[in-house]
Amino acid sequence: MTLGVASCSYVDVFLHFGAAFKEFAPELTILPEDEIEDPEAVRFIVTFKPDDGVFDRFPNVEAVFSLGAGVDAILSCASLPEGMPVFRVNDPAQATQMAGFAAFHVLWHHRGMTQYLENQANALWDRPRTSRSPGIVRVGVMGFGHMGRAIAAALVHLGYDVACWSRSMPDNPEPGVDHFDFDGQDEFLKGCQILINVLPLTDQTNGILNADLFAKLPEGACLVQLGRGQHLVDQDLLSALESGHIGGASLDVFSTEPLPAEHVFWSHPKIVVTPHTACAPEIRTVVQTVRDGLAQIAAGERPLERLGRGY
C-alpha cells in the first residue's frame, strides 16, 4: 500500500530523509510540501517543527510522525486537531548518545576541566591536592522519561550519587536512584551539586530554569542544560554565574537557534556551548517508527508513542 507522507518543516529535512525512505520503506512516498499536488490526499505528515497553519492546508491528515524524540513543537502547533495521534522516535541508541553526552559534562564539571584548560594556556602545572570521588557528588536529573532514565543509569554505573525529579513517582524506579515527585522539588534541588535538565517543554516547564530554582541549589552547583532552550531564563543564569552561586554551565539548547554570534554565552568563561548536538536519532529508526506507526493505524490500534504534555 502506498501512502503519502509530507515533510512540512524544512527542505533539508526532505533531502536528509528522502533517500532513507526510498531505501528502508520503498512502499511509502515522501514528498516536500511544494511538490504535493493534492493536499486533500495527504493522510500522514512527517515533520519536526511544523508551521502554525500546516494542518489547515492538509485537512485529511490522520497522524503525525516526529523526526526526533521531541514533539513539543508539534503539540504546540496552532492548527493541530484535538486528539490527533502524534508519534515520536523512541531510539535506544539515541538515549545512549544522550547518556554519554550528559556523563561527559558531569565529569567536565566534577573534575574542573575548565580550570585545566586555563592552566594549559598559561603553562601552569597545578595538580589538586584532593579529588572528590563520584560517590560524594550528587547529580540531579530533571525529567525521567526515555532520556532521563538512560542518563541516570549511566551515572549510577560511574559511581555518582544520582537523584531524579519528575511529575510523579515512577512505577518502575531506576535501581540506585533517589526519586522525587513534583512536591519534592525543593528537597531534590538542595542536594544537587550538578543539575541536568532533560524535561519536555510544556506550559509548566517553560522558564523553569530561573533565579528561584538556582537559589535552591547548593553554592557552586553546575548546570547541564539538554532539554529545550525555552526552559532557561538566560539572564537569571548569567546573574547566578556572576554571583558565584552557579559555578559553571554546559548549554546544548537555546531559545534562539542557531545561537546568535553576539550572544554572551559564546565568550563566557564559565559556560560550555555545544550546537544542539547531544543526540540524534538513527535515520533507519526514524523510518521504522513511521512504518510501525502506519501498521498500528492500519490495524486499528492506538499509537504506542502518543505523547502527552507531562514529564
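The table for this structure:
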item	result
So D234, is it more than 24 Å from S76 (Cβ to Cβ) and not basic (K, R)	no
When residues of segment 102-117 are limited to those that are in contact (Cβ under 8 Å) with a residue 60 or more places away in the chain and open to solvent by 40 Å² or more (accessible area, probe 1.4 Å), the one farthest from A153 (Cα to Cα)	T114
Residue within segment 217-226 that is in contact (Cβ under 8 Å) with a residue 60 or more places away in the chain, within 27 Å of L75 (Cα to Cα) and part of a loop (DSSP other than H, G, I, E, B) present	yes
Unique residue being of a type outside the set (S, T, N, Q) and at pLDDT 90 or above when the list is A249, A299	A249
Qualifying residues in segment 56-84 (those that are farther than 26 Å from E282 by Cβ and in contact with a strand residue (DSSP E or B) (Cβ under 8 Å, 6 or more places away or on another chain)) - the one surrounded by the fewest Cβ atoms within 10 Å (Cβ to Cβ)	L80
Qualifying residue in segment 124-134 (condition: open to solvent by 70 Å² or more (accessible area, probe 1.4 Å), free of Cβ contacts under 8 Å to residues at least 24 places away in the same chain and assigned to a helix (DSSP H, G or I))	no
Test: residue in segment 254-262 that is open to solvent by 30 Å² or more (accessible area, probe 1.4 Å) and more than 23 Å from the chain's Cα centre (by Cα)	yes
So Q230, is it touching a Lys or Arg at 6+ places or on another chain (Cβ under 6 Å), polar (S, T, N, Q) and buried (at least 16 other Cβ atoms within 10 Å of the Cβ)	no
Filtered residues of segment 135-163 (kept if open to solvent by 40 Å² or more (accessible area, probe 1.4 Å), among the aliphatic types (A, V, I, L, M) and in a helix (DSSP H, G or I))	I136, V156
Qualifying positions in segment 255-267 - touching a strand residue (DSSP E or B) at 6+ places or on another chain (Cβ under 8 Å) and either part of a loop (DSSP other than H, G, I, E, B) or on the phi > 0 side of the Ramachandran plot (or both)	S255, L259
Of all residues making up segment 176-197, the number that are under 21 Å from H146 (Cβ atoms), open to solvent by less than 30 Å² (accessible area, probe 1.4 Å) and assigned to a helix (DSSP H, G or I)	1
Residues that are among the β-branched types (V, I, T) and under 25 Å from G140 (Cβ atoms), drawn from segment 64-112	V71, T96, V106
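The values are calculated or read from the model by the stated rules, or taken from the named source; none is laboratory data. Note that the coordinates shown come from a computational prediction; the quantities given were computed from them, not determined experimentally. Neighbour counts are summed over all protein chains in view; Cβ atoms, including those assigned to glycine, are modelled from backbone coordinates with ideal geometry. Just so you know, the surface numbers come from the protein's heavy atoms only, side chains and all, with ligands and any DNA or RNA stripped out. Shrake-Rupley method; radii C 1.70, N 1.55, O 1.52, S 1.80 Å.
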